[in-house]
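Q: My structure is below; once you've seen it, I'll send some questions.
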Amino acid sequence: MRILMVCPTSPLPAHTGGKLRMYHAARVLSASDDVTLCTLYGTERERDSLEAWSADRRVELVAVRQSGSRIGALARGLLTDSPLHVARFRNSELRRRIGGLLATGRFDMVWCHFLYAASNIPMSPTPMVLDQHNLDEFIWSGVAKRATSLPARLVGRWNTWAWRRYQPSGLGRFRWILSVAAEEEAATRSLVGNDTKVLLAPNGVPEAEPVTPEAVSAGAPTIVFCASFHVFMNEQAAEWFARDIFPRIRAEVGNAELLLVGGRPGSRVRDLARAEGITVTGWVEDLRSYYARATVAIVPATFGGGTKLKTLEAMNLGVPVVATSVGAQGLDVAHGEELLIADDAEAFARHVVALLQSPERRAALAAAARKRVRERYVWDRIYAEAREAVAGAIA
């Protein structure tokens, strides 16, 4: 097939959940199909990474520099009743170039990542797939409820309203929609007509990525939370764990340490390192080296959509996981079998302490988790099945 893939941001370097999904979609599909990748990019490093990667594959690259600021996007959104991300990632030059490509009639399919990127795709008879990543309304409703500042809550409420207005017509443009979790699959079905097929295509991990055995350091028991901390839901999760849960753990395991690993931590996350036993690393080149130090990995997310790649990453690398229900949502896992789940601070702390104190329990959970990942959550299998579903309908 000839696929025109549209991304709102550069898939490379692939260091966030959204970028990882975009990258693996392009990687898997370009192994069998001719892919033209149309994307915005923000830095020269991103452009250079894209050019180097696409040069060795069946990928034609169309990359346009993103312009504008978040404040400008908010203003444009308010003036046009558009969701913030639609206003922020709408780009006239990228839209013009995509329109020119579609006018040639040479593509069998448009594969769009994130609904807000569709604002750069002119109307065309070419059938379209939406790789949804998240149902945006769910994200912003969480911000509206849980943000600590009034301006952030107001932005969350406005964006929730804007997405509810935008979603039905926006989703209706697509012949297929890929949802990453069953809850979002059901919600999306309620927003579209019979002409749009909604398919489940969960997040995953690379099949070639080695599974490491538990490699706990000879020092203190170590709890690791890997995330992009500029994202509000991850910032809030880090604060909740550090302030409400970690002190309970230290009361039982006095030498326990917490590593908050990931890029762009704001002042609220950096300030957590003032407490004894907490380290905030900032951006790191290789997450696996930190997972290798982990006795336990945590995913203390309290809101958000989709499935959490950080949960799958830890499971894939052989690190036992304690997560909230949100941290485990969308995954075919069960409490006590592949991971432990808790939604209140006392229970979460109790589960972490139990694992810190039991090597046998850690090993059993890690083994079951690795098995489940290999069976269900490998990128190559996920995108091969998605491609087969949509390609069969076109043929």
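Q: How many residues are assigned to a helix (DSSP H, G or I) and not hydroxyl-bearing (S, T, Y) when one looks only at region 179-194?
A: 7
Q: Also, I was wondering about something else. Can you tell me which residue in region 172-207 is modelled with the lowest pLDDT, limited to those that are under 22 Å from the mean Cα position of the chain (by Cα) and among the acidic types (D, E)?
A: Restricting to residues being under 22 Å from the mean Cα position of the chain (by Cα) and among the acidic types (D, E), the top hit is E207.
Q: Of the residues that make up region 351-366, is at least one surrounded by 20 or more Cβ atoms within 10 Å (Cβ to Cβ), outside the structural domain of E184 (by TED's automatic domain parsing), at pLDDT below 95 and within 25 Å of the chain's Cα centre (by Cα)?
A: Scanning region 351-366, I find at least one residue that is surrounded by 20 or more Cβ atoms within 10 Å (Cβ to Cβ), outside the structural domain of E184 (by TED's automatic domain parsing), at pLDDT below 95 and within 25 Å of the chain's Cα centre (by Cα), so the answer is yes.
For every residue, the table says whether it meets (1) closer than 27 Å to D195 by Cα; (2) of a type outside the set (A, V, I, L, M); (3) in contact with a Ser or Thr (Cβ under 8 Å, 6 or more places away or on another chain); (4) touching a residue at least 60 places away in the same chain (Cβ under 8 Å).
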| site | (1), (2), (3), (4) |
| --- | --- |
| L339 | no, no, yes, no |
| A345 | no, no, no, yes |
| F348 | no, yes, yes, yes |
| A363 | no, no, no, yes |
| A367 | no, no, no, no |
| E375 | no, yes, no, no |
| I382 | yes, no, no, yes |
| V390 | yes, no, no, yes |
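Q: Would it be correct to say that V333 is among the β-branched types (V, I, T), surrounded by 15 or more Cβ atoms within 10 Å (Cβ to Cβ) and not in a loop (DSSP other than H, G, I, E, B)?
A: no
Q: Let me ask something else about it. Inspect region 63-83 for any residue being under 27 Å from A389 (Cβ atoms) and in contact with a helix residue (DSSP H, G or I) (Cβ under 9 Å, 6 or more places away or on another chain) and give the result as yes or no.
A: No, that holds for no residue.
Q: Can you tell me which residues in region 280-296 are farther than 28 Å from A364 by Cβ and either outside the structural domain of L312 (by TED's automatic domain parsing) or outside any loop (DSSP other than H, G, I, E, B) (or both)?
A: Scanning region 280-296 gives V280, T281, G282.
Q: Now a separate question. Please give the helices (runs of 4 or more DSSP H) falling wholly within region 4-111 in which 2 or more residues are loosely packed, with under 14 Cβ neighbours inside 10 Å and of a type in the set (G, A, S).
A: 44-55, 70-80, 92-103
Q: Only residues that are touching a helix residue (DSSP H, G or I) at 6+ places or on another chain (Cβ under 8 Å), surrounded by fewer than 19 Cβ atoms within 10 Å (Cβ to Cβ) and assigned to a helix (DSSP H, G or I): list them for region 156-176, please.
A: R157, W158, R164
Q: All but one of (1) in contact with a Cys (Cβ under 6 Å, 6 or more places away or on another chain); (2) closer than 30 Å to D286 by Cα hold for L130, so report the exception by its number.
A: All conditions are met except number (2).
Q: Taking the criterion of being within 30 Å of D33 (Cα to Cα) and touching a residue at least 60 places away in the same chain (Cβ under 8 Å), would at least one residue in region 145-155 satisfy it?
A: Within region 145-155, none of the residues are within 30 Å of D33 (Cα to Cα) and touching a residue at least 60 places away in the same chain (Cβ under 8 Å).
Q: Sticking with this one: Looking only at residues that are aliphatic (A, V, I, L, M), part of a loop (DSSP other than H, G, I, E, B) and modelled with pLDDT under 95 in region 119-155, which one is nearest to A103 (Cα to Cα)?
A: L135
Q: Further question on the same structure: Please name all residue pairs, on different chains or six or more residues apart, with Cβ atoms under 6 Å, provided the first residue is in region 49-71 and is in the same structural domain as A25 (by TED's automatic domain parsing) and the second residue is surrounded by fewer than 18 Cβ atoms within 10 Å (Cβ to Cβ) and assigned to a loop (DSSP other than H, G, I, E, B).
A: S49/P13; Q66/G42
Q: Which helices (runs of 4 or more DSSP H) does region 227-278 wholly contain that include 3 or more residues that are of a type outside the set (A, V, I, L, M) and in contact with a helix residue (DSSP H, G or I) (Cβ under 7 Å, 6 or more places away or on another chain)?
A: Hits in region 227-278: 232-240.
Q: With respect to S217, determine if the residue is surrounded by 18 or more Cβ atoms within 10 Å (Cβ to Cβ), closer than 30 Å to V269 by Cβ and modelled with pLDDT under 95.
A: no
Q: Of all residues in region 367-394 being among the β-branched types (V, I, T) and surrounded by 18 or more Cβ atoms within 10 Å (Cβ to Cβ), which is nearest to P300 (Cα to Cα)?
A: V373
The values are calculated or read from the model by the stated rules, or taken from the named source; none is laboratory data. This one's a predicted model, so the numbers in the text were calculated from it and none came from an experiment. Cβ: placed from backbone, ideal geometry, glycine included. Neighbour counts: every protein chain shown.
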